[in-house]
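Q: I am attaching a structure below and will ask some questions about it afterwards.
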(Lines give C-alpha, C1' and ligand atoms only; values in the text may rest on other atoms or scores of the structure.)
Protein backbone atom coordinates (compact mmCIF):
# COMPACT_ATOMS: atom_id res chain seq x y z
CA UNK A 1 0.00 0.00 0.00
CA UNK A 2 1.58 3.29 -1.12
CA UNK A 3 1.90 6.15 1.31
CA UNK A 4 1.28 9.72 0.24
CA UNK A 5 3.91 12.33 0.98
CA UNK A 6 2.67 14.49 3.87
CA UNK A 7 1.79 18.08 2.99
CA UNK A 8 2.74 21.21 4.88
CA UNK A 9 0.19 22.42 7.41
CA UNK A 10 -2.24 24.92 5.86
CA UNK A 11 -1.11 28.47 6.48
CA UNK A 12 2.58 27.57 6.84
CA UNK A 13 5.32 27.85 4.26
CA UNK A 14 8.76 26.57 3.36
CA UNK A 15 11.03 29.47 2.45
CA UNK A 16 13.90 28.84 0.03
CA UNK A 17 16.05 30.48 -2.63
CA UNK A 18 15.41 34.12 -3.52
CA UNK A 19 12.55 34.38 -1.01
CA UNK A 20 14.79 33.09 1.78
CA UNK A 21 17.49 35.58 0.80
CA UNK A 22 14.94 38.43 0.97
CA UNK A 23 13.78 37.16 4.39
CA UNK A 24 17.38 37.07 5.63
CA UNK A 25 18.04 40.55 4.24
CA UNK A 26 15.14 41.95 6.28
CA UNK A 27 16.41 40.33 9.48
CA UNK A 28 20.03 41.34 8.89
CA UNK A 29 19.05 44.94 8.18
CA UNK A 30 16.85 45.03 11.29
CA UNK A 31 19.71 43.71 13.42
CA UNK A 32 22.08 46.32 12.03
CA UNK A 33 19.64 49.21 12.55
CA UNK A 34 18.67 48.17 16.08
CA UNK A 35 22.38 48.25 17.01
CA UNK A 36 22.62 51.79 15.63
CA UNK A 37 19.82 52.81 17.99
CA UNK A 38 21.28 50.82 20.90
CA UNK A 39 18.33 48.44 21.32
CA UNK A 40 19.26 45.33 23.30
CA UNK A 41 18.61 41.94 21.74
CA UNK A 42 16.33 39.55 23.66
CA UNK A 43 14.76 36.14 23.07
CA UNK A 44 11.39 35.06 24.45
CA UNK A 45 9.48 31.75 24.72
CA UNK A 46 7.25 30.74 21.83
CA UNK A 47 4.70 29.47 24.39
CA UNK A 48 3.21 31.40 27.28
CA UNK A 49 0.47 30.73 29.78
CA UNK A 50 -2.83 31.51 28.07
CA UNK A 51 -3.67 34.10 30.73
CA UNK A 52 -0.80 36.31 29.53
CA UNK A 53 -2.66 36.97 26.28
CA UNK A 54 -6.17 36.77 27.71
CA UNK A 55 -5.38 39.46 30.28
CA UNK A 56 -3.36 41.68 27.96
CA UNK A 57 -5.42 41.42 24.76
CA UNK A 58 -8.83 40.94 26.39
CA UNK A 59 -11.05 37.87 26.49
CA UNK A 60 -13.47 39.34 23.92
CA UNK A 61 -10.95 40.25 21.21
CA UNK A 62 -10.87 38.20 18.01
CA UNK A 63 -7.26 37.20 18.68
CA UNK A 64 -8.12 35.59 22.02
CA UNK A 65 -11.56 34.24 21.18
CA UNK A 66 -10.93 32.98 17.64
CA UNK A 67 -7.30 33.06 16.53
CA UNK A 68 -5.03 31.71 19.29
CA UNK A 69 -3.48 28.25 19.19
CA UNK A 70 -4.17 27.21 22.79
CA UNK A 71 -3.89 23.78 24.41
CA UNK A 72 -3.64 22.02 27.74
CA UNK A 73 -0.26 20.38 28.29
CA UNK A 74 0.34 17.09 30.10
CA UNK A 75 0.68 18.93 33.40
CA UNK A 76 -2.77 20.47 33.03
CA UNK A 77 -1.54 24.00 32.29
CA UNK A 78 -3.34 26.12 29.69
CA UNK A 79 -0.70 27.27 27.21
CA UNK A 80 -0.77 29.30 24.00
CA UNK A 81 1.57 29.72 21.05
CA UNK A 82 2.32 33.42 21.05
CA UNK A 83 0.12 35.43 18.62
CA UNK A 84 2.17 38.62 19.18
CA UNK A 85 5.29 39.79 21.01
CA UNK A 86 4.24 42.64 23.29
CA UNK A 87 2.39 40.66 25.96
CA UNK A 88 5.25 38.19 26.38
CA UNK A 89 7.79 41.00 26.55
CA UNK A 90 5.70 42.74 29.22
CA UNK A 91 5.48 39.47 31.19
CA UNK A 92 9.26 39.03 30.97
CA UNK A 93 9.83 42.64 32.10
CA UNK A 94 7.76 42.01 35.24
CA UNK A 95 8.85 38.47 36.13
CA UNK A 96 12.58 39.02 35.56
CA UNK A 97 12.88 42.30 37.44
CA UNK A 98 13.95 44.21 34.34
CA UNK A 99 12.67 47.42 35.95
CA UNK A 100 16.29 47.97 36.96
CA UNK A 101 17.13 48.52 33.28
CA UNK A 102 14.36 51.06 32.64
CA UNK A 103 14.07 52.73 30.29
CA UNK A 104 14.68 49.42 28.53
CA UNK A 105 15.14 49.45 24.77
CA UNK A 106 14.64 45.90 23.56
CA UNK A 107 14.32 44.27 20.12
CA UNK A 108 13.53 40.75 18.95
CA UNK A 109 12.26 38.75 16.01
CA UNK A 110 10.83 35.28 15.47
CA UNK A 111 7.73 33.20 14.66
CA UNK A 112 4.17 33.95 15.79
CA UNK A 113 0.97 31.93 15.38
CA UNK A 114 -2.63 32.87 14.62
CA UNK A 115 -5.44 30.69 13.39
CA UNK A 116 -6.87 32.88 10.65
CA UNK A 117 -7.63 32.59 6.96
CA UNK A 118 -4.34 32.45 5.06
CA UNK A 119 -3.99 35.16 2.41
CA UNK A 120 -1.33 37.02 0.46
CA UNK A 121 1.49 37.95 2.81
CA UNK A 122 -0.31 36.53 5.86
CA UNK A 123 0.14 33.05 7.30
CA UNK A 124 -0.86 31.02 10.36
CA UNK A 125 2.78 30.75 11.26
CA UNK A 126 4.39 34.06 10.42
CA UNK A 127 7.39 36.07 11.55
CA UNK A 128 7.81 39.57 12.92
CA UNK A 129 10.50 42.01 13.93
CA UNK A 130 9.65 43.93 17.09
CA UNK A 131 11.07 46.93 18.98
CA UNK A 132 9.91 48.29 22.36
CA UNK A 133 10.91 51.00 24.83
CA UNK A 134 9.64 50.19 28.32
CA UNK A 135 9.72 52.60 31.24
CA UNK A 136 9.96 55.85 29.25
CA UNK A 137 7.05 58.28 29.56
CA UNK A 138 8.62 61.04 27.47
CA UNK A 139 7.47 61.80 23.89
CA UNK A 140 11.11 61.43 22.79
CA UNK A 141 10.75 57.65 23.20
CA UNK A 142 7.99 57.68 20.58
CA UNK A 143 10.16 59.81 18.29
CA UNK A 144 13.12 57.44 18.75
CA UNK A 145 11.07 54.39 17.79
CA UNK A 146 9.49 56.08 14.78
CA UNK A 147 12.84 57.37 13.55
CA UNK A 148 14.23 53.85 13.88
CA UNK A 149 11.30 52.41 11.89
CA UNK A 150 11.66 55.07 9.21
CA UNK A 151 15.38 54.39 8.83
CA UNK A 152 14.78 50.64 8.70
CA UNK A 153 12.34 50.99 5.80
CA UNK A 154 14.72 53.31 3.95
CA UNK A 155 17.66 50.92 4.39
CA UNK A 156 15.51 48.06 3.15
CA UNK A 157 14.94 50.13 0.01
CA UNK A 158 11.17 50.27 0.55
CA UNK A 159 9.89 53.48 -1.06
CA UNK A 160 6.42 55.00 -1.38
CA UNK A 161 5.48 54.41 2.26
CA UNK A 162 4.24 57.15 4.61
CA UNK A 163 3.88 57.33 8.40
CA UNK A 164 0.22 57.75 9.42
CA UNK A 165 -0.02 59.20 12.92
CA UNK A 166 -2.74 59.82 15.48
CA UNK A 167 -3.17 60.43 19.19
CA UNK A 168 -5.54 58.55 21.47
CA UNK A 169 -5.00 61.03 24.31
CA UNK A 170 -4.32 60.18 27.92
CA UNK A 171 -6.66 57.97 29.97
CA UNK A 172 -9.12 60.74 30.77
CA UNK A 173 -9.19 62.09 27.20
CA UNK A 174 -9.68 58.62 25.75
CA UNK A 175 -12.53 57.80 28.14
CA UNK A 176 -14.34 61.05 27.33
CA UNK A 177 -13.90 60.40 23.60
CA UNK A 178 -15.16 56.85 24.01
CA UNK A 179 -18.32 58.08 25.72
CA UNK A 180 -18.89 60.59 22.91
CA UNK A 181 -18.55 57.86 20.29
CA UNK A 182 -21.00 55.61 22.12
CA UNK A 183 -23.57 58.42 22.14
CA UNK A 184 -22.98 59.22 18.46
CA UNK A 185 -23.10 55.70 17.08
CA UNK A 186 -25.71 54.55 19.60
CA UNK A 187 -28.20 56.97 18.06
CA UNK A 188 -27.89 55.15 14.71
CA UNK A 189 -27.13 51.67 15.99
CA UNK A 190 -29.75 49.97 13.84
CA UNK A 191 -28.16 51.35 10.67
CA UNK A 192 -24.65 50.14 11.50
CA UNK A 193 -23.11 46.90 10.25
CA UNK A 194 -23.51 43.87 12.48
CA UNK A 195 -19.81 43.98 13.33
CA UNK A 196 -19.97 47.63 14.38
CA UNK A 197 -23.08 47.04 16.44
CA UNK A 198 -21.08 44.47 18.38
CA UNK A 199 -18.10 46.82 18.62
CA UNK A 200 -20.31 49.58 20.02
CA UNK A 201 -20.51 47.70 23.30
CA UNK A 202 -16.89 46.49 23.42
CA UNK A 203 -14.54 48.70 21.37
CA UNK A 204 -16.42 51.70 19.91
CA UNK A 205 -13.15 53.25 18.70
CA UNK A 206 -12.80 50.40 16.21
CA UNK A 207 -15.91 51.59 14.35
CA UNK A 208 -13.83 54.52 13.10
CA UNK A 209 -11.66 52.28 10.91
CA UNK A 210 -14.58 50.29 9.50
CA UNK A 211 -14.61 49.85 5.72
CA UNK A 212 -18.29 48.84 5.58
CA UNK A 213 -20.35 51.38 3.56
CA UNK A 214 -23.14 51.18 6.17
CA UNK A 215 -20.75 52.52 8.80
CA UNK A 216 -18.85 55.03 6.69
CA UNK A 217 -21.97 57.16 6.24
CA UNK A 218 -21.74 58.07 9.94
CA UNK A 219 -17.97 58.54 10.28
CA UNK A 220 -17.64 62.09 8.95
CA UNK A 221 -19.76 63.52 11.79
CA UNK A 222 -18.30 61.29 14.52
CA UNK A 223 -16.64 63.03 17.50
CA UNK A 224 -12.92 63.71 17.02
CA UNK A 225 -10.27 62.99 19.64
CA UNK A 226 -9.00 66.56 19.30
CA UNK A 227 -12.25 67.79 20.89
CA UNK A 228 -11.50 65.81 24.06
CA UNK A 229 -7.74 66.18 24.47
CA UNK A 230 -6.48 67.51 27.78
CA UNK A 231 -3.77 70.15 27.67
CA UNK A 232 -1.25 67.53 28.74
CA UNK A 233 -2.28 65.09 26.01
CA UNK A 234 -2.25 67.83 23.39
CA UNK A 235 1.23 68.88 24.46
CA UNK A 236 2.44 65.28 24.29
CA UNK A 237 1.27 64.88 20.70
CA UNK A 238 2.77 68.21 19.68
CA UNK A 239 6.10 67.13 21.17
CA UNK A 240 5.98 63.91 19.13
CA UNK A 241 5.17 65.67 15.85
CA UNK A 242 7.77 68.40 16.37
CA UNK A 243 10.34 65.72 17.22
CA UNK A 244 9.54 63.84 14.02
CA UNK A 245 9.91 67.05 12.02
CA UNK A 246 13.30 67.65 13.62
CA UNK A 247 14.35 64.07 12.84
CA UNK A 248 13.29 64.45 9.19
CA UNK A 249 10.54 61.81 9.41
CA UNK A 250 7.62 62.63 7.13
CA UNK A 251 4.16 61.98 8.51
CA UNK A 252 0.47 62.65 7.91
CA UNK A 253 -2.35 62.92 10.42
CA UNK A 254 -4.76 59.97 10.38
CA UNK A 255 -7.68 60.74 12.69
CA UNK A 256 -9.38 57.39 12.06
CA UNK A 257 -6.32 55.40 13.13
CA UNK A 258 -7.21 53.84 16.50
CA UNK A 259 -6.41 51.03 18.91
CA UNK A 260 -9.37 49.32 20.55
CA UNK A 261 -7.74 48.12 23.77
CA UNK A 262 -8.04 50.42 26.77
CA UNK A 263 -4.37 50.30 27.72
CA UNK A 264 -3.31 52.13 24.53
CA UNK A 265 -2.65 55.83 25.13
CA UNK A 266 -1.29 58.79 23.21
CA UNK A 267 0.58 57.84 20.02
CA UNK A 268 -0.80 55.34 17.49
CA UNK A 269 0.87 54.89 14.13
CA UNK A 270 1.15 52.84 10.96
CA UNK A 271 3.47 53.01 7.97
CA UNK A 272 1.17 52.62 4.96
CA UNK A 273 2.02 52.41 1.23
CA UNK A 274 1.02 55.45 -0.81
CA UNK A 275 -1.84 54.89 -3.21
CA UNK A 276 -0.60 53.61 -6.54
CA UNK A 277 2.91 52.87 -5.25
CA UNK A 278 4.73 49.63 -5.97
CA UNK A 279 4.37 48.71 -2.29
CA UNK A 280 0.58 49.14 -2.45
CA UNK A 281 0.39 46.98 -5.55
CA UNK A 282 2.52 44.27 -3.95
CA UNK A 283 0.52 44.08 -0.71
CA UNK A 284 -3.00 44.61 -2.05
CA UNK A 285 -5.69 45.27 0.53
CA UNK A 286 -3.40 44.27 3.43
CA UNK A 287 -1.65 47.59 3.28
CA UNK A 288 0.01 48.22 6.66
CA UNK A 289 3.77 47.68 6.51
CA UNK A 290 4.66 48.44 10.15
CA UNK A 291 2.52 49.58 13.08
CA UNK A 292 2.43 50.20 16.79
CA UNK A 293 1.69 52.67 19.52
CA UNK A 294 2.04 53.65 23.16
CA UNK A 295 0.56 51.19 25.67
CA UNK A 296 1.00 52.82 29.06
CA UNK A 297 -1.69 50.68 30.73
CA UNK A 298 -0.54 47.18 29.74
CA UNK A 299 1.67 46.37 32.73
CA UNK A 300 -1.21 47.00 35.12
CA UNK A 301 -3.39 44.49 33.26
CA UNK A 302 -0.72 41.87 34.01
CA UNK A 303 -0.58 42.75 37.72
CA UNK A 304 2.45 45.02 37.57
CA UNK A 305 2.88 48.68 38.51
CA UNK A 306 1.91 51.43 36.07
CA UNK A 307 4.72 51.48 33.51
CA UNK A 308 4.84 53.63 30.37
CA UNK A 309 5.83 51.82 27.16
CA UNK A 310 5.74 52.18 23.40
CA UNK A 311 6.57 49.76 20.60
CA UNK A 312 6.06 48.57 17.04
CA UNK A 313 6.13 45.38 15.01
CA UNK A 314 6.31 44.46 11.33
CA UNK A 315 5.80 41.21 9.44
CA UNK A 316 9.02 39.85 7.97
CA UNK A 317 7.22 38.04 5.14
CA UNK A 318 5.48 41.23 4.07
CA UNK A 319 8.67 43.28 4.22
CA UNK A 320 10.42 40.57 2.20
CA UNK A 321 7.74 40.91 -0.47
CA UNK A 322 8.59 44.61 -0.74
CA UNK A 323 12.39 44.29 -0.93
CA UNK A 324 12.00 42.02 -3.94
CA UNK A 325 13.88 38.93 -4.97
CA UNK A 326 17.46 38.73 -3.84
CA UNK A 327 19.55 36.00 -5.45
CA UNK A 328 22.41 34.15 -3.83
CA UNK A 329 25.42 36.40 -3.32
CA UNK A 330 28.33 35.95 -5.69
CA UNK A 331 31.05 33.71 -4.28
CA UNK A 332 34.56 35.10 -3.91
CA UNK A 333 36.01 31.87 -5.26
CA UNK A 334 35.05 28.41 -6.46
CA UNK A 335 37.67 25.66 -6.18
CA UNK A 336 37.52 22.71 -8.56
CA UNK A 337 39.51 19.49 -8.14
CA UNK A 338 40.29 17.99 -11.55
CA UNK A 339 42.95 15.72 -10.09
CA UNK A 340 41.75 13.71 -7.07
CA UNK A 341 45.35 13.44 -5.85
CA UNK A 342 45.14 17.19 -5.13
CA UNK A 343 41.95 16.98 -3.00
CA UNK A 344 43.81 17.57 0.27
CA UNK A 345 45.47 20.67 -1.19
CA UNK A 346 42.09 21.97 -2.35
CA UNK A 347 40.49 21.40 1.05
CA UNK A 348 43.42 23.19 2.69
CA UNK A 349 42.99 26.20 0.39
CA UNK A 350 39.25 26.18 1.02
CA UNK A 351 39.82 26.46 4.76
CA UNK A 352 42.40 29.24 4.38
CA UNK A 353 40.14 31.29 2.14
CA UNK A 354 37.18 31.02 4.51
CA UNK A 355 39.36 31.83 7.53
CA UNK A 356 40.56 34.95 5.71
CA UNK A 357 36.95 36.07 5.24
CA UNK A 358 36.38 34.96 1.64
CA UNK A 359 33.32 32.95 0.62
CA UNK A 360 34.32 29.82 -1.27
CA UNK A 361 32.77 26.67 -2.66
CA UNK A 362 34.37 23.32 -3.55
CA UNK A 363 33.59 21.20 -6.62
CA UNK A 364 35.15 17.76 -6.15
CA UNK A 365 32.46 15.19 -6.97
CA UNK A 366 31.29 13.54 -10.16
CA UNK A 367 33.37 12.92 -13.24
CA UNK A 368 36.71 14.80 -13.02
CA UNK A 369 36.39 15.73 -16.69
CA UNK A 370 33.09 17.51 -16.11
CA UNK A 371 33.96 19.31 -12.87
CA UNK A 372 35.57 22.34 -14.52
CA UNK A 373 32.47 23.07 -16.63
CA UNK A 374 30.30 22.58 -13.53
CA UNK A 375 32.46 25.03 -11.56
CA UNK A 376 32.27 27.65 -14.33
CA UNK A 377 28.47 27.70 -13.97
CA UNK A 378 28.79 28.88 -10.36
CA UNK A 379 28.67 32.67 -10.05
CA UNK A 380 32.05 33.59 -8.55
CA UNK A 381 34.70 36.29 -8.78
CA UNK A 382 37.45 33.72 -9.34
CA UNK A 383 37.88 30.06 -10.16
CA UNK A 384 40.80 28.02 -8.85
CA UNK A 385 41.50 24.65 -10.44
CA UNK A 386 43.76 21.91 -9.05
CA UNK A 387 44.78 20.22 -12.28
CA UNK A 388 46.59 17.11 -13.43
CA UNK A 389 49.49 18.90 -15.08
CA UNK A 390 50.56 21.61 -12.63
CA UNK A 391 53.17 20.84 -9.99
CA UNK A 392 52.34 22.38 -6.63
CA UNK A 393 50.50 25.41 -8.03
CA UNK A 394 46.81 25.66 -8.77
CA UNK A 395 45.61 27.21 -12.02
CA UNK A 396 43.50 30.26 -11.26
CA UNK A 397 41.01 31.49 -13.85
CA UNK A 398 40.10 35.14 -13.35
CA UNK A 399 36.56 36.36 -13.63
CA UNK A 400 37.37 38.07 -16.93
CA UNK A 401 38.66 34.82 -18.42
CA UNK A 402 42.39 35.47 -18.03
CA UNK A 403 44.51 32.72 -16.50
CA UNK A 404 47.69 32.55 -14.45
CA UNK A 405 49.51 30.20 -12.09
CA UNK A 406 50.06 31.14 -8.49
CA UNK A 407 51.08 29.61 -5.18
CA UNK A 408 48.31 28.77 -2.71
CA UNK A 409 49.71 31.00 0.06
CA UNK A 410 50.02 33.94 -2.33
CA UNK A 411 46.41 33.49 -3.40
CA UNK A 412 45.12 33.65 0.17
CA UNK A 413 47.41 36.34 1.54
CA UNK A 414 46.93 38.82 -1.29
CA UNK A 415 43.28 38.12 -1.91
CA UNK A 416 44.08 38.47 -5.60
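Q: Report whether or not residue 258 is assigned by TED's automatic domain parsing to the domain that holds residue 297, loosely packed, with under 14 Cβ neighbours inside 10 Å and outside any helix (DSSP H, G or I).
A: No; evaluated as a whole, the condition is false for this residue.
Q: Can we say residue 380 is free of Cβ contacts under 8 Å to residues at least 12 places away in the same chain and farther than 30 Å from residue 271 by Cα?
A: No; evaluated as a whole, the condition is false for this residue.
Q: Restricting to region 287-335, give me the number of residues that are under 20 Å from residue 152 (Cα atoms) and at pLDDT below 90.
A: Count: 4.
Q: Identify all residues within region 288-311 that are out of contact with any helix residue (DSSP H, G or I) (no Cβ under 6 Å at 6 or more places or on another chain), assigned to a loop (DSSP other than H, G, I, E, B) and closer than 23 Å to residue 147 by Cβ; write none if there are none.
A: Those that are out of contact with any helix residue (DSSP H, G or I) (no Cβ under 6 Å at 6 or more places or on another chain), assigned to a loop (DSSP other than H, G, I, E, B) and closer than 23 Å to residue 147 by Cβ: 288, 289, 295, 296, 308.
Q: Residues that are surrounded by 15 or more Cβ atoms within 10 Å (Cβ to Cβ) and touching a residue at least 60 places away in the same chain (Cβ under 8 Å): which strands (runs of 3 or more DSSP E) entirely in region 68-116 hold 1 or more of them? Lay out the reasoning, then the answer.
A: On the way: elements: 69-72, 78-81, 104-113.
In region 68-116, the matching strands (runs of 3 or more DSSP E) lie at 104-113.
Q: Quick check on region 194-205. Is at least one of its residues out of contact with any helix residue (DSSP H, G or I) (no Cβ under 9 Å at 6 or more places or on another chain), under 28 Å from residue 88 (Cβ atoms) and assigned by TED's automatic domain parsing to the domain that holds residue 29?
A: No - not one qualifying residue is present in region 194-205.
Okay, residues lined up against (1) at pLDDT 95 or above; (2) within 30 Å of residue 203 (Cα to Cα); (3) touching a strand residue (DSSP E or B) at 6+ places or on another chain (Cβ under 8 Å):
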position: 41; (1), (2), (3): yes, no, yes
position: 57; (1), (2), (3): no, yes, no
position: 68; (1), (2), (3): no, yes, yes
position: 78; (1), (2), (3): yes, yes, yes
position: 94; (1), (2), (3): yes, yes, no
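Q: Next question, about the same structure. Which condition number in (1) more than 24 Å from residue 113 (Cα to Cα); (2) assigned by TED's automatic domain parsing to the domain that holds residue 160; (3) part of a helix (DSSP H, G or I) is the one that residue 319 fails?
A: Result: residue 319 passes all but (1).
Q: Pairs, please: C-beta under 8 Å, at least 6 apart or cross-chain, first residue over 18 Å from residue 116 (Cα atoms) and in region 1-22, second in a helix (DSSP H, G or I)?
A: Within 8 Å, the pairs are 15/23; 19/320; 22/320; 22/321; 22/323.
Q: Inside region 139-252, counting only helices (runs of 4 or more DSSP H) that do not spill past its ends, which hold 2 or more residues that are closer than 26 Å to residue 274 by Cβ and in contact (Cβ under 8 Å) with a residue 60 or more places away in the chain?
A: 139-155, 231-247
Q: Take region 215-229 and flag every residue that is more than 10 Å from residue 176 (Cα to Cα) and over 34 Å from the mean Cα position of the chain (by Cα).
A: Those that are more than 10 Å from residue 176 (Cα to Cα) and over 34 Å from the mean Cα position of the chain (by Cα): 217, 218, 221.
Q: Look through region 32-47, keep the residues that are part of a helix (DSSP H, G or I) and touching a residue at least 60 places away in the same chain (Cβ under 8 Å), and return whichever of them is farthest from residue 328 (Cα to Cα).
A: This residue is 36.
Q: Another one. So how many residues does region 1-37 have that are more than 26 Å from residue 122 (Cβ to Cβ) and either surrounded by 13 or more Cβ atoms within 10 Å (Cβ to Cβ) or touching a strand residue (DSSP E or B) at 6+ places or on another chain (Cβ under 6 Å) (or both)?
A: Here the count works out to 1.
The values are calculated or read from the model by the stated rules, or taken from the named source; none is laboratory data. Fair warning: this is a prediction, and the values are worked out from it, not measured in the lab. Please note: Cβ atoms are built from the backbone with ideal geometry, for glycine as well, and neighbour counts cover all protein chains shown.
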